[in-house]
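Have a look at the structure below, then the notes.
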């Protein structure tokens, strides 16, 4: 049971890192033509707002891109694997 819990935790971390990497890739595609001083990802402290705005701009700029769908799938997989991890952990430790 411990091995399954550790495996699901590793899957969660993989999905989380994949989702963050895909968001950074979307942001990089949107900000490709901007100078460094004009890039919102360098000027703002709120990373979620930058990512959401970049996804909107990415949808307008690249309507046929699969990156947004992959990003959404990675976030959903991360959420599901986190729920499974918490369920298994609470089952093992009796929470």
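Nothing in this text is a laboratory measurement; each read-out follows from the coordinates by a stated rule. If you're wondering where the values come from, they're calculated on a predicted model, not measured in any experiment.
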| message | Relative to 2.2 N^0.38 Å, what does the C-alpha radius of gyration of the chain come to as a ratio? Two decimals please. | response | 1.37
| Hey, what did the chain get for relative contact order, percent, Cα under 8 Å, at least 6 apart? | 49 percent
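When the helix-only estimate is applied to the chain (DSSP H runs of n ≥ 4, each -39,500 (n - 2.57), divided by the residue count), what is the mean residue ellipticity at 222 nm, nearest 500 deg cm²/dmol? Each step should come with its number before you reach the end.
On the way: 4 runs with 75 residues, N = 95.
Theoretical 222 nm ellipticity from helices: -27000 deg cm²/dmol.
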